[in-house]
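Take a look at the structure set out below.
The values are calculated or read from the model by the stated rules, or taken from the named source; none is laboratory data. Everything numeric here is computed off the predicted structure, so don't read it as measured data. As a convention, Cβ positions derive from the backbone with ideal geometry for all residues, glycine included, and neighbour counts pool all protein chains shown. These area figures cover heavy atoms from the full protein model, side chains too; ligands, DNA and RNA do not enter into them. Shrake-Rupley method; radii C 1.70, N 1.55, O 1.52, S 1.80 Å.
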Amino acid sequence: MSVEAPIYSENSLPVNIQEHLRTEQRMHPEATGALTSILTDLSRVAKSVSYLVNTAGLCDSYGQTGRVNIQGESVIKLDARANEQFKQILKSNPNVAGYASEEEDTFVPFNKDNRGKYIVWFDPLDGSSNFDTNVSIGSIFSIYQRKSPESRLVEIDDFLQKGEEQVCAGYFLYGTSTMFVYTTGHGVFGFTLDPSVGEFVLPNGYSEIKTPEIGKIYSVNEANINKWDQGVVRYINDLKTRADNPCSARYVGSLVADFHRNLLKGGVYLYPRDSKNPNGKLRLNCELNPLAFIAEQAGGMATDGHNRIMEIEPRELHQRNQVVIGSKNEVELFEKYLS
Ligand code: AHM
Ligand code: MG
């Protein structure tokens with residue numbers, strides 16, 4: 001079967017991700033090209049994991065490996081394969097000194113030839129329990145400058161930095177199309193994979209992503225309502241029943257898909273603490289900080305109810321925190337209900 005090329009708008013051909021990254025690099029004379037090279041490699045990871053996700057049903061990637069990860073969760077075969085793709089591609093980049101993954105117990109220093117100044121955090125496949133029913137899933141990444149000297153292997157403190165230290169963050173969304181969304185602190189850009197040429201492109205009219213200030217959607221696993229604090233119950237009730245702009249519920253159960261929809265349309269995603277998950281379910285370092293960086297750069301907010309997510313001091317690699325993230329108006333409202 002041949003793949004037909006999409007018909008782009010007449011007046012403007014799309015920019016591919018390499019051209020875009022080169023332009024961005026030129027706009028920052030202090031840039032050395034190291035971050036550009038990591039982002040280019042991450043776009044290769046995105047293509048390769050997208051292929052794995054798209055073909056999983058055809059090649060025995062459904063099901064579990066039989067292993068249980070540090071968080072007590074069964075490792076799905078595709079999680080393990082996606083993790084390997086991130087690891088192999090990043091390892092070949094001399095600017096990456098090591099990585100930490102949601103799927104691995106601890107951080108991994110690369111060998112002595114990789115003593116670059118950056119480290120990468122990633123969740124190789126988020127929402128993977130959804131994928132064998134063809135529901136959208138994603139990958140999340142975050143890049144920091146290491147704190148330890150480049151003459152040594154990386155250390156745990158390189159991976160326990162506050163989110164506000166991030167130099168870049170993003171996600172890949174495997175949805176009706178595959179997207180690569182990222183920020184380096186100069187706006188949010190979202191590229192779409194054109195499968196006819198195998199390139200991520202920035203279609204016309206879709207350059208910088210801004211999120212609406214007032215949201216119309218709330219996304220939460222409402223089946224947990226009896227386990228929530230009363231402030232959260234009252235907050236959700238307010239969103240649903242307020243006279244002005246009442247919200248509608250949308251919940252895929254895949255963080256990247258829920259976050260991305262709300263980013264474009266306006267809304268909030270929350271995973272509050274509950275009696276089963278006293279700190280919420282989602283991980284600060286590989287899930288919340290990267291999405292918080294994107295949300296803020298798009299004009300939104302991310303909080304645990306009391307603190308800005310990116311100002312929380314991480315104490316552990318796989319730390320979990322309560323989160324409310326999305327449109328400013330609804331995130332600020334949550335803070336009022338908790339105060
Ligand atoms: P994962 O990292 O193990 O895939 O879990 C994270 C996922 C998120 O994608 C999603 O938003 C959340 O867990 C759903 O949790 P629940 O099933 O409790 O609603
Ligand atoms: Mg995850």
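Quick look at the numbers
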item: Filter result (charged (D, E, K, R) and part of a strand (DSSP E or B)) within segment 122-140; result: ASP123, ASP126
item: Top-ranked residue of segment 146-178 - restricted to ones that are among the aliphatic types (A, V, I, L, M), over 20 Å from ARG44 (Cα atoms) and open to solvent by less than 40 Å² (accessible area, probe 1.4 Å), ranked as nearest to ligand 1 (Cβ to nearest atom); result: LEU160
item: Every residue from segment 18-39 that is in a helix (DSSP H, G or I), more than 23 Å from the chain's Cα centre (by Cα) and of a type in the set (Ser, Thr, Tyr); result: THR23
item: Lone unmet requirement of (1) in a helix (DSSP H, G or I); (2) near ligand 1 (Cβ under 10 Å from one of its atoms); (3) free of Cβ contacts under 8 Å to residues at least 40 places away in the same chain for TYR251; result: (1)
item: Filter pass, LYS227 being touching a strand residue (DSSP E or B) at 6+ places or on another chain (Cβ under 9 Å), over 30 Å from THR178 (Cβ atoms) and surrounded by fewer than 19 Cβ atoms within 10 Å (Cβ to Cβ); result: no
item: Scan of segment 106-116 for residues that are modelled with pLDDT of 95 or more and either in a loop (DSSP other than H, G, I, E, B) or surrounded by 24 or more Cβ atoms within 10 Å (Cβ to Cβ) (or both), ordered by number; result: THR106, PHE107
item: Flag for ALA80 being under 25 Å from ASN321 (Cα atoms) and away from ligand 2 (no atom under 13 Å from the Cβ); result: yes
item: Top-ranked residue in segment 117-145 [being open to solvent by 20 Å² or more (accessible area, probe 1.4 Å) and modelled with pLDDT of 95 or more; ranked as nearest to ALA46 (Cα to Cα)]; result: SER136
item: Answer from GLY187, GLY138, GLY175 - the residue that is within 16 Å of ligand 2 (Cβ to nearest atom) and either within 14 Å of the chain's Cα centre (by Cα) or within 22 Å of ASN262 (Cα to Cα) (or both); result: GLY138
item: Filter result for ILE119 (part of a strand (DSSP E or B), touching a residue at least 12 places away in the same chain (Cβ under 8 Å) and farther than 16 Å from GLU287 by Cβ); result: yes
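Yes or no, residue by residue, for (1) within 16 Å of ligand 2 (Cβ to nearest atom); (2) under 28 Å from GLY190 (Cβ atoms); (3) not assigned by TED's automatic domain parsing to the domain that holds SER139:
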position: LEU239; (1), (2), (3): no, yes, yes
position: ALA249; (1), (2), (3): no, yes, yes
position: ASN262; (1), (2), (3): no, yes, yes
position: LYS265; (1), (2), (3): no, yes, yes
position: LYS281; (1), (2), (3): yes, yes, yes
position: ALA298; (1), (2), (3): no, yes, yes
position: GLY305; (1), (2), (3): no, no, yes
position: ILE309; (1), (2), (3): yes, yes, yes
